[in-house]
Amino acid sequence: MFHSQLRWLNILKPNFKVLPLKERLLCGIGALLGLLLSSLISWWVLGDINAWYIAPMGASSVLLFAVPASPLAQPWNMVVGNTLAGIIGVTCAMYIPNLTEAFSVAVGLSIVLMMTTDSLHPPSGAIAITAVLGGDAVHQLGYHFIFYPVLLNSILLLVIAIVFNRMLGKQYPQIAQVNQRSKDPTPTQKVTIQPQDIQATLDQQTELLDISEYDLQKIILAAQEKANARGQSQFKCQDIMSKHVVSLNEQEDIHSALDKFKQMNLMSLPVSNAEQQLVGTLALYEVVEWFKRANDMRTTWEHQVKHIMVRQVVTVKPEQPIQDLVPYFVERSFNYIPVVEDQKIVGMISRADMIAALNQQLNQISA
């Protein structure tokens, strides 16, 4: 009996990923900071006016900080959706005497217009109701209610959400597509599921899904890679890496680094410190850019590799399967990836190494 009740309760639960405790706490802290700071800034901007905060902003903060990847949480949705709902709500409050009729019409029209303008934002429905049922304080504001508190607080909360999510390394707002170099499908998509396939499938759906086509593409590509890996005998990074690695020292002079680029005929090189630990990477084009601004007095202090190198480096471990590297070489056009153990470079895998290994796997399959 108990198990049957438990199964019934599970039907009511959403098929939703539960984040680790740290991530859940960060989402809560983000909402706390967002609401607190935007409220204080509103009070500071408006001076002696007694700033007050409308409840729908709490609902917006759930989307902005807990599910920033949702299409419903994007800046266009929040600003345009809240503005439309505010205009409709104030108008209904002014011209429809019956409150029940007024807020019902306001919410219904808001949904239609938001869906028409691709700006659906659930908390906006609450803004439409607030404009009608907010009492004399709201009604006296008239259409000023749209600018403050709705628009001002929406923009402030949005800016804080952008900064907070970026600090956590989250892409917000969401970019439009997986392939950032062109509008074409990525190389992997060209031979598997393409964006138009996803769009055609979505067009057949009668329900509005709370996931973007961009996120669907990422999930499908990742699943495709895992499925492909199951059917292949996997090489590990240590099997195909070059153990003789040419690198730059972070204290090295930039002119000396250029000579090494010429000698090795490479487009980029890893950078290590005195302890041979990987600390960055330097591309040839970054050296060229340095020469272009060499006459700028503001950059005269830049004379060592560490001054112009990129400190964020994608690395792999010796035991990793080479399939993990495919997205970097194919989708992001990497030339090489350092193999690191205990923070020290133990090898290097180039695009040519990957091609040779994958070609060997293809020959094994065809045989």
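Here, each number is a calculation from the coordinates, and none is a lab measurement. Every value quoted in this text rests on a predicted model; they were computed, and no experiment measured them. With ideal geometry, Cβ positions are generated from the backbone for all residues, glycine too; neighbour counts draw on all protein chains shown.
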Once both label points are put 7 Å beyond Cα along the C-beta direction, the H303-E23 separation in nm becomes 4.8
Taking every DSSP bridge whose two residues both lie in the chain, the antiparallel percent to the nearest 5 is 85
Taking N as the number of residues in segment 208-367, what value does Rg over Cα atoms divided by 2.2 N^0.38 Å take?
-> 1.24
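Which ordering of W44, W76 is given by a fewest-first count of other beta-carbon atoms within 10 Å?
Neighbour counts put them in this order, fewest first: W44, W76.
Counting other beta carbons within 10 Å of each residue's own, what order do I127, I211 fall into, fewest first?
Ascending Cβ contact count within 10 Å gives the list I211, I127.
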Taking R0 as 56 Å and r as the Cβ-Cβ distance between M264 and I175, the FRET efficiency 1/(1 + (r/R0)^6), rounded to the nearest 0.05, comes to 0.95
Cβ-derived FRET efficiency at R0 41 Å, D184 paired with D296, nearest 0.05 | 0.65
Describe numerically, in nm with one decimal, the distance between label points set 7 Å from Cα along Cα→Cβ at D197 and at D253.
-> 5.5
Rounded to the nearest 0.05, what FRET efficiency do D215 and L33 have when you use their Cβ-Cβ distance and R0 = 22 Å?
-> 0.30
Quick calc of log₁₀ I(q)/I(0), segment 17-167, Debye, one scatterer on every Cα, no solvent, q values 0.21 1/Å, result -1.25
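If you stretched the chain out fully between K317 and E289, how much longer would it get, using 0.36 nm times the residue separation minus the C-alpha to C-alpha distance? Intermediate values should be presented prior to the final figure.
On the way: separation 28, 0.36 × 28 = 10.08 nm, distance 3.15 nm.
Extending this stretch completely gives an extra 6.9 nm.
Could you tell me which helices of the chain pass both thresholds, a Cα extent of 24 Å or more along their own axis and a mean Kyte-Doolittle hydropathy of at least -0.5, with helices taken as whole DSSP H runs? Spell out each step's value before the answer.
Working: long enough: 21-46 (38 Å, 1.47); 75-95 (30 Å, 1.04); 99-116 (25 Å, 1.77); 213-230 (26 Å, -0.60).
The answer, listed by residue number, is 21-46, 75-95, 99-116.
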Which GluC sites (Glu not before Pro) does segment 245-320 hold that lie in a coil by DSSP with at most 11 other beta carbons within 10 Å?
-> E275, E319
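DSSP loop chymotrypsin sites (Phe, Trp or Tyr not before Pro) in segment 263-347 with at most 12 other Cβ atoms within 10 Å of their Cβ, which ones? Spell out each step's value before the answer.
Details: sites: Y285, W290, F291, W301, Y328, F329, F334, Y336; in loops: W301, F334.
Those that pass, being in a loop and sparsely packed, are W301.
Counting other beta carbons within 10 Å of each residue's own, what order do K236, K317, K190 fall into, fewest first?
Details: K236 16, K317 13, K190 10.
Going from least to most buried by this count: K190, K317, K236.
Do the alpha carbons of any pairs in K218/K317; K226/K306; K190/K226; K236/K306 sit beyond 26 Å of each other, and which pairs?
Details: K218/K317 23 Å; K226/K306 37 Å; K190/K226 17 Å; K236/K306 31 Å.
Table pairs above 26 Å Cα-Cα are K226/K306; K236/K306.
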